[in-house]
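Following: one structure in structure tokens, then a few remarks.
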Amino acid sequence: AELGVERRFVPESCPRAVRAGDFVRYHYLGSFPDGTRFDSSYDRGSTFNVFVGKGQLIAGMDQALVGMCVNERRFVKIPPRLAYGSEGVSGVIPPNAVLHFDVLLVDLWNLEDEVQVQTYFKPEKCPRTVQVSDFVRYHYNGTFLDGTLFDSSHNRMRTYDTYVGIGWLIPGMDQGLLGMCVGEKRIITVPPFLAYGEQGDGKEIPGQASLVFDVALLDLHNPKDGITIENQQVPESCERRSQTGDFLRYHYNGTLLDGTLFDSSYSRNRTYDTYVGKGFVIAGMDEGLLGVCTGERRRIVIPPHLGYGEEGRGKIPGSAVLVFDIHVVDFHNPSDSVSITVNYKPSNCTILSKKGDYLKYHYNASLLDGTLLDSTHSLGKTYNIVLGFGQVVAGMDMGLQDMCVGERRTVVIPPHLGYGEDGVEGEVPGSAVLVFDIELLELVSGLPEGYMFVWNGEVSPNLFEEIDQNHDGEVLLEEFSDYIQAQVDSGKGKLAPGFDFEKIVKNMFTNQDRDGNGKVTAEEFKLKDQEAKEGHDEL
């Protein structure tokens, strides 16, 4: 005679129970007391969907559903007076029949419901939240209220990418994503009238279904965004900032907004080297690298329309915001020349270095960021060269000009006057600006340009006879070498300093040996002597 309700399964969590006026979706098995089944929603493959407490159900079911939780299972016994009474249902329910229903509640909502948002993780830093017209990239699991999964971006291994608030999403998701931070995780529960309504969506989402989205926001930008720059470390001394056309060497870590690393120059143990403002890098980086100092560290955040766009590249997904943490190692311009800063100059500085002079000096060589490359001090000996003869890089030949003994200077050499794009393997990076701190210790004046030997006094009128020691009318290389050595030792002649004696003498001898037979005759010597009067000659 009375309604009977047996709660056969009650879920641990029951945030909401059925009330009159709610809309429910449930499965059921309908049978008579003897076990004979008269109806089943399972056989039809769809839930029974109805408002509760509005007379759309038999009175006993209207009462039995009140207080149920989603995923709760009830066994309900309904007497005839609360079911189909003395009339029954022709051909299905006999008169005065007691009905048994095994009910499983699947879904529950109310017309007054709104989108529900439950944030279960929020990052400490949240510099920006989702606004209308923003473009977002997020992962999600989509389930019904009973926990049944109907879709997941994780299974596709690809984020869902969309604009927010402009109708590209169901209205409930448009609302539920607003205010999210990158890295935030939230559960968004959407009633069907803000989702796919009475019709549902294909085979996956039935009509009148509440949807639950477990969302993790990975990325966020607006098409109107420009790059953002955060200066993390700027050197106190910044004499020069990068401009369009400069060539930069820098290290970087490249990540997505959620912190996922996609590239790093550090992992390759090599800087990234490029021109700035010339389109050699993505537009956002071209802009972000302007105005930097050597040694500066900055973070550059680049929206996808200034990065790799909708298509992405390699490990970079389409429409991704990029974050570059950069460290500028050095930069220069192809028009740069050698920069010289005199740190100390002696009061007596009358003899200045010039091409051909033999120099002895100490140096410390480093990169612009201060990394030490080499030092003569650590070797315990000077570096010795003949200035202007290509024995050092072109920039050093320029930097050592017009220097006096005891002077100290800093010489900055751009790579096109140093070791160029290739550098020196294992020692000097390619395209590196070099800094030399130099102290000149000794200067031996060279000879006039074009000469390897000069007389300090008058030339003997019997020069050939003096060289031809055995008076056989022929001068061999050994005789020639001995004679030149004697002149240098006695102070009557001077060789170009810094060069190998044997090479100089052999070169002088070859110039005199016109027929190349390894002997210089008086005739050859005189001919050369005549040429010497008309032009330049080593002797």
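The values are calculated or read from the model by the stated rules, or taken from the named source; none is laboratory data. No experiment lies behind these values; they were computed from the predicted model shown. Backbone-built Cβ (ideal geometry, glycine too); neighbour counts: all protein chains shown. Side chains are part of the model used for accessible areas, which takes the heavy atoms of the whole protein and leaves out ligands, DNA and RNA. Shrake-Rupley method; radii C 1.70, N 1.55, O 1.52, S 1.80 Å.
With semi-axes defined as the square roots of five times the eigenvalues of the C-alpha gyration tensor, the equivalent ellipsoid of the stretch 293-446 measures 42, 14, 14 Å, largest first. Here r is the Cβ-Cβ distance between residue 445 and residue 342 and R0 is 25 Å; the resulting FRET efficiency, rounded to 0.05, is 0.75. Among the trypsin sites (Lys or Arg not before Pro) in the stretch 187-271, those located in a DSSP loop and surrounded by at most 15 other Cβ atoms within 10 Å of their own Cβ are 203, 224, 240, 241, 270.
In percent, rounded to a whole number, the relative contact order of the stretch 453-526 is 36, using alpha-carbon pairs under 8 Å and six or more apart.
The residues 69, 349, sorted by heavy-atom accessible surface at 1.4 Å with ligands and nucleic acids left out, run 349, 69 from largest to smallest.
Sorting 358, 252, 42 by accessible area (1.4 Å probe), largest first, what list results?
Correct descending sequence by accessible area is 42, 358, 252.
Under 5 Å from the amide H of residue 225 lies no amide H of any residue 5 or more positions distant or on a separate chain, with H modelled from the backbone and absent for Pro and chain starts.
Round to the nearest 0.05 the FRET efficiency obtained for residue 43 and residue 75 when R0 = 30 Å and r is the Cβ-Cβ distance.
Between residue 43 and residue 75 the formula returns 0.95.
Relative to the longest principal axis of the Cα atoms of the chain, the long axis of helix 501-512 lies at roughly 60 degrees.
Taking packing as the residue-averaged number of other Cβ atoms within 10 angstrom, the listed peptides 384-394, 26-36 run from highest to lowest as 384-394, 26-36. Taken over the stretch 228-332, the alpha-carbon convex hull comes to 92 cubic angstrom per residue. With a ≥ b ≥ c taken as the square roots of the eigenvalues of the C-alpha gyration tensor of the chain, please select rounded if a/c is under 1.5 and otherwise prolate if a/b is larger than b/c or oblate if it is not? Verdict is prolate for the chain.
Return the whole-Å distance between the Cα centroid of the stretch 25-50 and the Cα centroid of the stretch 81-116. What the calculation gives is 9 Å, centre to centre.
How much accessible area does residue 332 have with a 1.4 Å probe, in Å² rounded to the nearest 10? We get 10 Å² for residue 332.
Across the chain, Cα pairs under 8 Å and at least six residues apart give a relative contact order of 8 percent.
Round to a whole number: what % of the accessible area of the chain belongs to carbon and sulfur, probe 1.4 Å? Accessible surface attributable to carbon and sulfur in the chain totals 48 percent.
Against the main long axis of the alpha-carbon atoms of the chain, helix 477-490 sits at an angle near 80°.
When peptides 433-440, 98-105 are sorted by average Cβ neighbour count within 10 Å, with the highest value leading, the order is 433-440, 98-105. Protein-only accessible surface at a 1.4 angstrom probe places the residues 313, 8, 186, 299 in the order 313, 8, 299, 186, largest first. Protection proxy ranking, highest mean first, for peptides 73-82, 109-118: 73-82, 109-118, where packing is the per-residue count of other beta-carbon atoms within 10 Å, averaged. Each part reduced to its alpha carbon centroid, the stretch 402-476 and the stretch 131-156 end up 75 Å apart. Across the stretch 312-351, the residues whose backbone nitrogen lies under 12 Å from the label position 7 Å along the beta-carbon direction of residue 394 are 335-338.
In the assembled protein chains, residue 237 presents an accessible area of approximately 80 Å² (probe radius 1.4 Å). Solvent-accessible surface of the chain, taken per residue with a 1.4 Å probe and all protein chains present: 52 Å². Fully extending the segment from residue 460 to residue 121, taken as 0.36 nm per residue of separation minus the present Cα-Cα distance, adds 112.1 nm. Rolling a 1.4 Å probe over the protein chains gives residue 495 an accessible area of about 30 Å². Rounded to the nearest Hz, the phi-derived 3J(HN,Hα) couplings of the stretch 367-380 under the Karplus curve 6.51 cos²θ - 1.76 cosθ + 1.60 (θ = phi - 60°) are 8, 4, 7, x, 5, 6, 9, 6, 7, 5, 4, 5, 7, x, where x marks glycine and proline. Taking every DSSP beta bridge that has both ends in the chain, the antiparallel portion is near 100%.
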